[in-house]
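Heads up, the thing below is written out as structure tokens.
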Amino acid sequence: MPSNQKKLRKPAIVLTKTDHKRLLLLAERFAEQNADLADFLISEIERARIVEDERIITDVVRMGSSVHFTTDLGEDRQVTLVYPGKADIAEGKISVLTPIGAALIGLKAGHSIDWTTRDGRVCCLTVESVNQPQDPAEL
């Protein structure tokens with residue numbers, strides 16, 4: 001990641017114990033393919049406050065959440081945050097192993113975060129709303 005990362009907006013984030021454990025393993029396995037993105041995801045995971053799965057509030061982005069967000073680039077998107085094997089951009093399913101997916105994890109509705117695009121631009125996204133999956137066991 002670029003050296004200007006310290007200047008980026010980093011709101012407090014929350015992860016469930018299950019998401020924390022799974023995402024840490026995933027990021028560690030992905031490190032050989034894309035070290036920068038894996039490091040970014042690991043840094044997000046490490047700074048998160050960890051809570052019991054049943055104690056997570058409903059407006060926090062977790063795996064499987066449907067997220068409505070806007071960006072300073074004028075984007076207004078509705079996506080579902082998924083693991084890499086379920087990603088399908090045509091269906092609005094984005095992987096947590098993308099810059100925007102890693103930026104979304106753990107955010108709460110109303111929070112904004114700066115993230116670095118794949119082409120190196122720093123952008124800001126704001127989570128407008130979060131809907132949880134009907135059946136988290138399907139993740």
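The values are calculated or read from the model by the stated rules, or taken from the named source; none is laboratory data. Every value quoted in this text rests on a predicted model; they were computed, and no experiment measured them. Cβ atoms come from the backbone with ideal geometry, glycine included; neighbour counts cover every protein chain shown. Calculation scope for accessible area: heavy atoms of the full protein, side chains included, ligands and nucleic acids excluded. Shrake-Rupley method; radii C 1.70, N 1.55, O 1.52, S 1.80 Å.
Within the stretch 23-33, the set of residues being open to solvent by less than 80 Å² (accessible area, probe 1.4 Å) and farther than 19 Å from Lys86 by Cα comprises Ala31 only. Scanning the stretch 96-139 for residues that are part of a strand (DSSP E or B) and open to solvent by less than 10 Å² (accessible area, probe 1.4 Å) yields Ile113, Cys123, Leu125, Val127. Closer than 23 Å to Thr18 by Cα and open to solvent by 60 Å² or more (accessible area, probe 1.4 Å): is that true of Thr58 in this structure? Yes: the conditions hold for Thr58.
Anything in the stretch 5-19 that is part of a helix (DSSP H, G or I) and surrounded by fewer than 18 Cβ atoms within 10 Å (Cβ to Cβ)? List them, or say none.
Start the filter on the stretch 5-19 by keeping residues that are part of a helix (DSSP H, G or I), which leaves 5-7, 17-19.
Within the stretch 5-19, Gln5, Lys6, Lys7, Lys17, Thr18 qualify.
Which of the residues belonging to the stretch 77-101 are over 12 Å from the mean Cα position of the chain (by Cα) and farther than 11 Å from Ser65 by Cα? Selection gives Arg77, Pro84, Gly85, Lys86, Ala87, Asp88, Ile89, Ala90, Glu91, Gly92. Could you list, in sequence order, all residues of the stretch 61-87 that are of a type in the set (A, V, I, L, M) and open to solvent by less than 40 Å² (accessible area, probe 1.4 Å)? Selection gives Val61, Met63, Val67, Val79, Leu81, Val82.
On the phi < 0 side of the Ramachandran plot, among the acidic types (Asp, Glu) and in contact with a strand residue (DSSP E or B) (Cβ under 9 Å, 6 or more places away or on another chain): is that true of Asp76 in this structure? When the stated conditions are applied, Asp76 passes them.
Which residues, taken from the stretch 37-52, are outside any strand (DSSP E or B) and loosely packed, with under 12 Cβ neighbours inside 10 Å?
Restricting attention to the stretch 37-52, the residues satisfying the condition of being outside any strand (DSSP E or B) are 37-48, 52.
Within the stretch 37-52, Glu46, Glu52 qualify.
Scanning the stretch 53-68 for residues that are within 20 Å of Thr117 (Cβ to Cβ) and either assigned to a helix (DSSP H, G or I) or out of contact with any helix residue (DSSP H, G or I) (no Cβ under 7 Å at 6 or more places or on another chain) (or both) yields a single hit, His68.
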